[in-house]
Each structure stands twice: as structure tokens, then as C-alpha cells.
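Have a look at the structure below before the remarks.
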Amino acid sequence: MTKITAEIYIAMNEGGDYEVGTTSEEASERLMDQAGGEMCRIVKLTVRMAPPEIAEAEVEVPDEAGETQEVETEAA
């Protein structure tokens, strides 16, 4: 499984409120918009993470499985 490198910025104000973003500007703007504050500390995190994979399965349903029903439709 191939891991992807993601850069994440977290900004925290003096009250302990925090926001994250993909740039330092985005993280600090979100923090000021959501929580305000007099100052903020920004830390860049570099994370290596594997993306999710969609599990696939191939199934063959035999022709005789299940039942057939008549469907009545109404004319418009």
C-alpha cells in the first residue's frame, strides 16, 4: 500500500482553540474567524498516510437463484 505525504498546518490561540488547514494562512484565518484571539502559534505537520482502498468482490449469481415476479404499472 502506497503512503501519501500530506502537509497539515495547525494554528492554536492563547485559549487553546485550534483550527487546521493545508496552508499556514488557511489555518490561522480559520482560527481567527472561528475563535478569535490575540495571537496564534502555527505548527506544520508532515504526515505519511495510506489512502483508503475500496474492496472489490466479483460475484456470479446463478440464473436459477431468486424469484421472478410480475409487476403491474399504471398508465399515466
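So that you can scan it fast, the table gives a plain yes or no per residue for (1) modelled with pLDDT of 90 or more; (2) touching a helix residue (DSSP H, G or I) at 6+ places or on another chain (Cβ under 9 Å); (3) under 28 Å from E25 (Cβ atoms); (4) of a type in the set (V, I, T):
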{"site": "I42", "(1), (2), (3), (4)": "yes, yes, yes, yes"}
{"site": "T46", "(1), (2), (3), (4)": "yes, no, yes, yes"}
{"site": "V59", "(1), (2), (3), (4)": "yes, no, no, yes"}
{"site": "T68", "(1), (2), (3), (4)": "no, no, no, yes"}
{"site": "E72", "(1), (2), (3), (4)": "no, no, no, no"}
{"site": "A76", "(1), (2), (3), (4)": "no, no, no, no"}
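Each row is one residue, and each column tells you yes or no for (1) more than 19 Å from the chain's Cα centre (by Cα); (2) exposed (fewer than 10 other Cβ atoms within 10 Å of the Cβ); (3) not basic (K, R).
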{"residue": "T5", "(1), (2), (3)": "no, yes, yes"}
{"residue": "E19", "(1), (2), (3)": "no, no, yes"}
{"residue": "S24", "(1), (2), (3)": "yes, no, yes"}
{"residue": "M39", "(1), (2), (3)": "yes, yes, yes"}
{"residue": "T73", "(1), (2), (3)": "yes, yes, yes"}
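Check the range 30-37 and report whether any residue there is surrounded by 13 or more Cβ atoms within 10 Å (Cβ to Cβ) and within 20 Å of the chain's Cα centre (by Cα). Yes: one or more hits.
Per-residue answers, yes or no, for (1) free of Cβ contacts under 8 Å to residues at least 40 places away in the same chain; (2) hydroxyl-bearing (S, T, Y):
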residue: A6; (1), (2): no, no
residue: M12; (1), (2): yes, no
residue: T23; (1), (2): yes, yes
residue: A65; (1), (2): yes, no
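The values are calculated or read from the model by the stated rules, or taken from the named source; none is laboratory data. Here the structure is a predicted model, which is why all the values come from computation and not from measurement. Ideal geometry is used to build each Cβ from the backbone, glycine not excepted, and the neighbour counts take in all protein chains shown.
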